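> Here's a structure for you.
The numbers here are math on the coordinates, done by the rules we state, and not lab data. Since we're looking at a predicted model, the values are computed, not measured. Every residue, glycine as well, gets a Cβ built from its backbone with ideal geometry; the counts of neighbours run over all protein chains shown.
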């Protein structure tokens, strides 16, 4: 990600300097080095995923239904791929990759994913978020980790 962010910056940003005594020049931004911690400062994620709810499926106590909310913070509709990966105690029922086409500008869309398994304590769910079909050539992918609380038995 650091490489692509630097390439994006170099394509769109130019810098120059001028002193009070009339000297001037152009700054070489190619010498900048980007570290992973710079990405969150320089690039605001336009797509995000949050854990909205967890509950047990009716009449199937070993199935947990997790609702994830995809947020589009851009001023234009965007599409994304969401791949979910539970920890070893759970299996995804159905396709672990969900395509969310055309999330409205500054809008959100819920996705429900069913997991088969049982746990007495919180478990880990990873969500890999990838923006697709964007106008920019810069494709963003990131991993979001959730600690999923075990819903009470009903």
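> Compute the label zone of residue 81 within region 1-25: residues whose backbone N is under 18 Å from the point 7 Å along Cα-to-Cβ.
1
> Across all directions of projection, what mean area in square nanometres is found for the Cα convex hull of the chain?
Projected over every direction and averaged, the Cα hull of the chain covers 12.2 nm².
> Between the helical axis of 2-12 and the dominant principal axis of the chain, each derived from Cα atoms, what acute angle in degrees is found, rounded to the nearest 10?
50 degrees
> If r is the Cβ-Cβ distance from residue 2 to residue 105 and R0 is 30 Å, what FRET efficiency results, to the nearest 0.05?
Efficiency for this residue pair is about 0.60.
> If you don't mind, another one. Take 19, 79 and order them by how many other Cβ atoms sit within 10 Å, fewest up front.
With the sparsest Cβ surroundings first, the list reads 19, 79.
> Something else: Using the 10 angstrom Cβ neighbour count as an exposure proxy, how do 4, 17 rank, fewest first?
Values: 4 15, 17 9.
With the fewest neighbours first, 4, 17 line up as 17, 4.
> Which order do the peptides 106-113, 63-70, 9-16, 52-59 take when ranked by the mean count of other beta-carbon atoms within 10 Å per residue, highest first?
63-70, 106-113, 52-59, 9-16
> Got a sec? Which residues in region 1-21 would a label at residue 73 touch, if it sits 7 Å along Cα→Cβ and we count backbone N under 20 Å?
1-2, 4-6, 8-9
> Can you tell me the relative contact order of the chain? Whole percent, Cα pairs under 8 Å, sequence separation 6 or more.
Relative contact order for the chain comes out at 21 percent.
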